[in-house]
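Step one of this worksheet: look at the structure below.
The values are calculated or read from the model by the stated rules, or taken from the named source; none is laboratory data. Keep in mind that what you see is a predicted model, and the values were worked out from it rather than measured. Neighbour counts run over all protein chains shown; Cβ positions are idealised from the backbone, glycine included. Side chains included, ligands, DNA and RNA excluded: accessible areas come from the protein's heavy atoms. Shrake-Rupley method; radii C 1.70, N 1.55, O 1.52, S 1.80 Å.
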Amino acid sequence: MRLTVIGTGYLGAVHAAAMAKLGHEVVGIDVDTAKVAKLNAGEEPFHEPGFPEVLREQLATGRLRFSTDFADAADADVHFVAVGTPQRKTDGRADLTYVDAAFMALTPYLKPGALVVGKSTVPVGTAARLAEVVAARWPLVATHAGGGEAPRVAWNPEFLREGFAVKDTLEPDRLVYGVADLEPADASSPSSRSASEILDEVYAQILQRDTPRIVTDLATAELVKVSANAFLATKISFINAMAEIAEATGADVTTLADAIGFDSRIGRKFLNAGAGFGGGCLPKDIRAFTARAEELGRGDSVAFLKEVDAINLRRRERVVQLALESCGGTVYQHHVAVLGLAFKPDSDDVRDSPALDVAVRLNGLGGHVCATDPQAIETARRLHPQLDYAPTLAAAVAEAEVVILVTEWAEYKALTPESLAALTPARTIIDARNVLDAAAWRGAGWTYRGLGRP
Ligand code: UDX
């Protein structure tokens, strides 16, 4: 099939390459000329394991290319819209500027019968509104004169995790299609295929593996995405709330998580207490969901998400507090090393990153903060040029009095008391992800502080 993917960020670029891998002819379209040039040259604009290989492999087949020209969308059967919906600066709502602009730019080039499939995370109700916009505008602006079957809009949320984006796209847990034509195709156009039949053809290879597929209305599909992220955020904040209780009682939240996680109704995944969640999805999605629910007069139903957000932000504060305690009450002019800047390992994304936030706060309190990360120094530097960045772990800890592990990269998890002691004068470690063996570090003479651990 001929496909386009509008927006070539984490979601769109990976989706475009993955669709080419499934055998489709794909044009990725973005307004960012530099990004498009990079992608066409086979250079990844962000760090994502496995993506550069698929990108280069698929460019070489000739089935994948990137463009800044929406006219290149004209021949496609299916258009995926995968642009960002960041949090608005003024309030918690989602900024739909890019989604609206993508639909506006695309509509004139839609051919009869085309399907526009939203993948961006949007407030519930957006898909129905955009379907009306396309239906009203298309006959007026279409370059394909002479009528024909009007284009349709579907919503197909994406659940990919950064760091696993290629795998999550090609081997998803489930496919969700939100469609306006849930009822059988209308009698006046018996030959036309339903939106879900078209999506089945796009994802034929994935469906062959018995991947669960849920076909539902537009509103449910939009809600599936935000409610999944709200649930994951709640699970993390739940265990972080237990960490706060553990801190008041001397209990150990990691043992608690193991014990409750054995209950298969609860499960151990997403029960890692620590510095909390960040990234381009969970924080902004729970805020946008809260704002949308309030608009709908149902603010009470998700009022708990404000608490989820508050618990999450308190954990960063707790890391800062531990650093202060470790330096004798103030970090002013004390040397602190921060290991990790990305919001999670295997990513260079620092959006709403707990690690970067901790580094910036300690720096603001007058500490000599030296931060490092295997991939995210450049993205962090763009946002916070005032911070001191070290290219390596060894350089970051060389003068440190306290070392704080905030993003659990494999190389930081593999640290031993001996290996770190050889690099730094520090003998205090704050393990803000609870990934180190507390007994081993204490046994080797270190002061070990975890989150929600004695
Ligand atoms: C998330 C969802 O998982 C994904 O399905 C959705 O499509 C996009 O948002 P992502 O932002 O890539 O994906 O990261 P995820 O792996 O979910 O982690 C989010 C944050 O939660 C990270 O900062 C991580 O460190 C934190 N986290 C995760 C915890 O603090 N504890 C946990 O137990 C798990």
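Some values worked out for this structure:
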{"item": "Answer from LEU160, LEU110 - the residue that is in the same structural domain as ALA82 (by TED's automatic domain parsing) and farther than 30 Å from ALA293 by Cα", "result": "LEU110"}
{"item": "Test: residue in segment 310-331 that is within 16 Å of the ligand (Cβ to nearest atom), outside any helix (DSSP H, G or I) and more than 30 Å from GLU158 (Cβ to Cβ)", "result": "no"}
{"item": "Residue that is nearest to ALA180 (Cα to Cα), among those in segment 208-238 that are more than 16 Å from the ligand (Cβ to nearest atom) and open to solvent by less than 40 Å² (accessible area, probe 1.4 Å)", "result": "LEU218"}
{"item": "Some residue of segment 426-435 being away from the ligand (no atom under 16 Å from the Cβ) and more than 15 Å from VAL336 (Cα to Cα)", "result": "no"}
{"item": "Residues within segment 239-271 that are surrounded by fewer than 18 Cβ atoms within 10 Å (Cβ to Cβ) and within 12 Å of the ligand (Cβ to nearest atom), tallied", "result": "5"}
{"item": "Unique residue being assigned by TED's automatic domain parsing to the domain that holds ALA165 and surrounded by 24 or more Cβ atoms within 10 Å (Cβ to Cβ) when the list is GLY7, GLY42, GLY62", "result": "GLY7"}
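Table: residues versus (1) in contact (Cβ under 8 Å) with a residue 60 or more places away in the chain; (2) away from the ligand (no atom under 16 Å from the Cβ); (3) closer than 17 Å to ILE6 by Cβ; (4) of a type in the set (Gly, Ala, Ser).
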position	(1), (2), (3), (4)
GLN87	yes, no, no, no
ASP91	yes, yes, no, no
LEU110	no, yes, yes, no
ARG129	no, yes, no, no
VAL141	no, yes, yes, no
GLY147	no, yes, no, yes
ARG152	no, yes, yes, no
